[in-house]
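Everything below concerns the one structure shown next.
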Amino acid sequence: MRRMTCHVRLVVCAAAVCAAMTATAIVNAQGRTVWNGVYTDAQAERARQTFDSICTQCHTQAPGGSTRGGAVSGDKFWTAFTQKSVGDLLAYVSKNMPNGNGGSLPASTYNDLIALILKANGFPAGTVEVAPEAVAGVQIIPKDGPGELPANVLARVVGCLKKDGSDWVLTSATAPDRIDKVGMGTGDATRPLGTKSFTLKFVLTKLDAFVGQRMSVSGMLIGAGGVDGINVTTVNRVAETCP
């Protein structure tokens, strides 16, 4: 009877371990986001004195902004960093802040300040502190998913070039990818296309020879998600046929 009990316990334990491993695999497969708890409350609290003594000269934690740098939460935060990573946020703050004296604070202080910024934006705390290696791939996205990129964000789309009256249009296009540098992206020639359509605005390049071909377009989104078009910076042919 004891052997059977032990055997049952081992089976139960094994099942629990498998379940935990499966859950971990799902999280890893889906990728971590700011909603998974990537800082601690204690870390955010450590940053308050630094923020109050240095950062408030230009910034405020509350949405709405201040005289120079503005708010580190709310619409300004989302416009600047949505669909980027917490690693990108940490790198930006470390390089550029305090204004005019970037990189002058200890690395640990920058880590703590990012924790405070995440807390100010209402993201939940967790059990692991912000550190470069821990937040490199953590996505900054709304709770219900990536959604549309804000207006006036630099982005890249790939699609088929078409002339519609006097307008150049990209059809069968991918969703906009947020970028920091204009130009073609890796895999633009072969990546799966989408169902979106974008009007190309302020095009300075002659495109008549590229009608019906696959193009990679970089520029500023006009309207959320580029609903009113793309203010074009670069246009590059990436394949002669499309789709």
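Considering only residues of region 119-130 that are of a type outside the set (V, I, T) and out of contact with any helix residue (DSSP H, G or I) (no Cβ under 6 Å at 6 or more places or on another chain), which is nearest to A42 (Cα to Cα)? Here the residue is G126.
Here's the yes/no breakdown for (1) modelled with pLDDT under 95; (2) out of contact with any strand residue (DSSP E or B) (no Cβ under 9 Å at 6 or more places or on another chain); (3) over 25 Å from Q57 (Cβ atoms):
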residue	(1), (2), (3)
N96	no, yes, no
A115	no, yes, no
G122	no, yes, no
P132	no, yes, yes
V138	no, no, yes
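The single condition from (1) under 23 Å from A136 (Cα atoms); (2) in contact with a strand residue (DSSP E or B) (Cβ under 8 Å, 6 or more places away or on another chain); (3) open to solvent by less than 40 Å² (accessible area, probe 1.4 Å) that Q83 fails is (3).
Taking region 86-109, which residues are among the polar types (S, T, N, Q), farther than 28 Å from K143 by Cβ and in a helix (DSSP H, G or I)? Answer for region 86-109, where residues must be among the polar types (S, T, N, Q), farther than 28 Å from K143 by Cβ and in a helix (DSSP H, G or I): S108, T109.
In this structure, K196 does not satisfy being closer than 30 Å to N111 by Cβ and of a type outside the set (A, V, I, L, M, F, W, C).
Could you say whether any residue in region 110-125 is farther than 26 Å from V182 by Cβ, part of a helix (DSSP H, G or I) and open to solvent by 30 Å² or more (accessible area, probe 1.4 Å)? Checked region 110-125: at least one residue is farther than 26 Å from V182 by Cβ, part of a helix (DSSP H, G or I) and open to solvent by 30 Å² or more (accessible area, probe 1.4 Å).
Screening region 27-75 for residues that are modelled with pLDDT under 90 and not in a loop (DSSP other than H, G, I, E, B) and picking the one that is least open to solvent (accessible area, probe 1.4 Å) gives G70. If you go through region 209-243 and keep only what is more than 19 Å from K163 (Cβ to Cβ), in a loop (DSSP other than H, G, I, E, B) and open to solvent by less than 30 Å² (accessible area, probe 1.4 Å), you end up with just G223.
Screening V203 with (1) of a type in the set (V, I, T); (2) surrounded by 12 or more Cβ atoms within 10 Å (Cβ to Cβ); (3) under 24 Å from the mean Cα position of the chain (by Cα) gives one miss only, at (3). The set of residues in region 129-169 that are free of Cβ contacts under 8 Å to residues at least 60 places away in the same chain, under 30 Å from A107 (Cα atoms) and among the aliphatic types (A, V, I, L, M) comprises A131, A136. For region 138-153, the candidate set comprises residues that are farther than 11 Å from W35 by Cβ and in contact with a Gly (Cβ under 7 Å, 6 or more places away or on another chain); within that set, the residue that is least open to solvent (accessible area, probe 1.4 Å) is L149.
Comparison of A134, A107 shows that the only residue that is under 23 Å from W35 (Cβ atoms) and surrounded by fewer than 21 Cβ atoms within 10 Å (Cβ to Cβ) is A134.
The values are calculated or read from the model by the stated rules, or taken from the named source; none is laboratory data. Just so it is clear, the structure is predicted and the values come from calculations on it, not from any experiment. Counting neighbours? That spans all protein chains shown, and the Cβs are built from the backbone with ideal geometry, glycine included. Surface areas here come from the heavy atoms of the whole protein model, side chains and all, with no ligands, DNA or RNA. Shrake-Rupley method; radii C 1.70, N 1.55, O 1.52, S 1.80 Å.
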